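> Below is the structure I would like to discuss, written out as structure tokens.
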Amino acid sequence: MTGDAGRPVLRFAPSPNGELHLGHALSALTGWMWAQRLGGRFLLRIEDIDTGRCREEFVRGIFDDLAWLGLSWEEPVLRQSEHFDRYRAAARRLEDEGLLYPCFATRAEIAAAARAQPGLTDPDGAPLYPGLHKGLDRGEIDERKARGEPFALRIDMEKAIARARGMSGGQDLDYTALDAAGPPARMVAEPQRWGDAVIVRKDVPTSYHLAVVVDDALQGVTHVTRGKDLEAATGLHRLLQVLLGLPAPLYHHHALITDEDGRKLSKSARDTALASLRRSGATAEEIRQRLARFLA
Ligand code: GLU
């Protein structure tokens, strides 16, 4: 696009697996506000890799809700489900470098093995992967693949971190975090907290983590604004960016809104869905005011 070189690029990247609620409105408005403040572009990306759970009616709901909030975005809107090939290519690159390994284990097998190491959890609170199928020999891998057994590709975290360190001159992985007030802060990325995370799922040829770093780079996103619930994921994203030779955006992780009881809002909280608020007569201005204390 002409005339856009050097302009900051911001994005809102919802997954259409439910209705947007107030938490989403906060993320969208935060990205939008930062784009205005920085004189940047604002993109919408539909993160619909989960073909089993994502639905077209939710995509339409996203467009309606955001337009109602008064936001506009550039066309065409990128839909991740149309770009599985490029996530496959990125995964292949990591695989060719020996950084991914196939894991055929079922959920039940993983859960049983994880019970033997209680207390070890990833930042989402899920049991840390207990290393099943790490180091399967080539013959067994080929046999299982030939039998058509489904498998995920997991990152060999230790090896990946060592490789990334080597690529960054032995330095710790880090990223720059921005707050509206205050100077940029250097944050240490801690991808090891995720263990041997799934990079390519069994059911679709990518994971959230892989698709998000590939697309942020492809779309030239310079500032990633998203909730603090994804802050720990940024550590893993930095690792993937280094390994794939992708640029590092700046990050702003906004506070999460809570309801009056201090509980995090979830997609199932009907009373906070933007569509029902709209139907019950709320105005976009009222939503903005309700979120004002969280907007930075
Ligand atoms: N698609 C993710 C979600 O809806 C957000 C991705 C991101 O902002 O990096 O939670």
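The values are calculated or read from the model by the stated rules, or taken from the named source; none is laboratory data. These numbers were taken from a predicted model, which means no experiment stands behind them. Neighbour counts are summed over all protein chains in view; Cβ atoms, including those assigned to glycine, are modelled from backbone coordinates with ideal geometry. For the accessible areas, the whole protein counts, side chains as well, though only heavy atoms, and no ligand, DNA or RNA atoms are used. Shrake-Rupley method; radii C 1.70, N 1.55, O 1.52, S 1.80 Å.
> Suppose the filter is over 19 Å from ALA177 (Cα atoms), assigned to a loop (DSSP other than H, G, I, E, B) and within 12 Å of the ligand (Cβ to nearest atom); does SER15 pass it?
yes
> Which of the numbered conditions does LYS202 fail, given that it passes all the others? Conditions: (1) over 27 Å from TYR251 (Cα atoms); (2) open to solvent by 80 Å² or more (accessible area, probe 1.4 Å); (3) in contact with a strand residue (DSSP E or B) (Cβ under 9 Å, 6 or more places away or on another chain); (4) not in a loop (DSSP other than H, G, I, E, B).
In the conditions (1) over 27 Å from TYR251 (Cα atoms); (2) open to solvent by 80 Å² or more (accessible area, probe 1.4 Å); (3) in contact with a strand residue (DSSP E or B) (Cβ under 9 Å, 6 or more places away or on another chain); (4) not in a loop (DSSP other than H, G, I, E, B), LYS202 misses (4) alone.
Okay, residues lined up against (1) among the aliphatic types (A, V, I, L, M); (2) under 16 Å from GLN241 (Cα atoms):
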residue	(1), (2)
LEU128	yes, no
ASP142	no, no
ALA152	yes, no
GLY166	no, yes
ASP174	no, yes
ALA181	yes, no
ALA197	yes, yes
LYS202	no, no
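> Can I ask one more? Does TYR208 satisfy the criteria of being open to solvent by 30 Å² or more (accessible area, probe 1.4 Å), under 30 Å from ALA296 (Cα atoms) and within 14 Å of the ligand (Cβ to nearest atom)?
Judged against the criteria, TYR208 is a match.
> Being under 27 Å from LEU22 (Cβ atoms), part of a helix (DSSP H, G or I), in contact with a helix residue (DSSP H, G or I) (Cβ under 8 Å, 6 or more places away or on another chain) and within 12 Å of the ligand (Cβ to nearest atom) is true for just one of ASP215, ASP229. Which residue is that?
So the residue among ASP215, ASP229 that is under 27 Å from LEU22 (Cβ atoms), part of a helix (DSSP H, G or I), in contact with a helix residue (DSSP H, G or I) (Cβ under 8 Å, 6 or more places away or on another chain) and within 12 Å of the ligand (Cβ to nearest atom) is ASP215.
> Can you name every residue in region 5-38 that is of a type in the set (D, E, K, R) and closer than 20 Å to GLU75 by Cα?
ARG7, ARG11, listed by residue number.
> Name the residues in region 177-199 that are aliphatic (A, V, I, L, M) and either open to solvent by 30 Å² or more (accessible area, probe 1.4 Å) or closer than 16 Å to ALA296 by Cβ (or both), would you?
Passing the criteria: ALA177, LEU178, ALA180, ALA181, ALA185, MET187, VAL188, VAL198.
> What is the residue count in region 116-164 for residues that are part of a helix (DSSP H, G or I), open to solvent by 60 Å² or more (accessible area, probe 1.4 Å) and not small (Gly, Ala, Ser)?
Here the count works out to 8.
> Quick one: is GLU95 of a type outside the set (A, V, I, L, M, F, W, C), assigned to a helix (DSSP H, G or I), touching a strand residue (DSSP E or B) at 6+ places or on another chain (Cβ under 9 Å) and surrounded by 13 or more Cβ atoms within 10 Å (Cβ to Cβ)?
yes
> Mind listing whichever residues of region 1-12 are within 14 Å of the ligand (Cβ to nearest atom) and either charged (D, E, K, R) or in a loop (DSSP other than H, G, I, E, B) (or both)?
Hit for region 1-12 is ARG11, nothing else.
> In region 59-77, is there at least one residue being open to solvent by 20 Å² or more (accessible area, probe 1.4 Å), over 26 Å from GLN289 (Cβ atoms) and within 11 Å of the ligand (Cβ to nearest atom)?
no
> Considering every residue within region 30-51, establish whether at least one is of a type outside the set (A, V, I, L, M), modelled with pLDDT under 95, open to solvent by 30 Å² or more (accessible area, probe 1.4 Å) and within 16 Å of the ligand (Cβ to nearest atom).
Yes: one or more hits.
> Let me ask something additional. Kindly indicate whether THR206 is over 25 Å from GLY98 (Cβ atoms), of a type in the set (S, T, N, Q) and at pLDDT 95 or above.
Answer is no for this residue.
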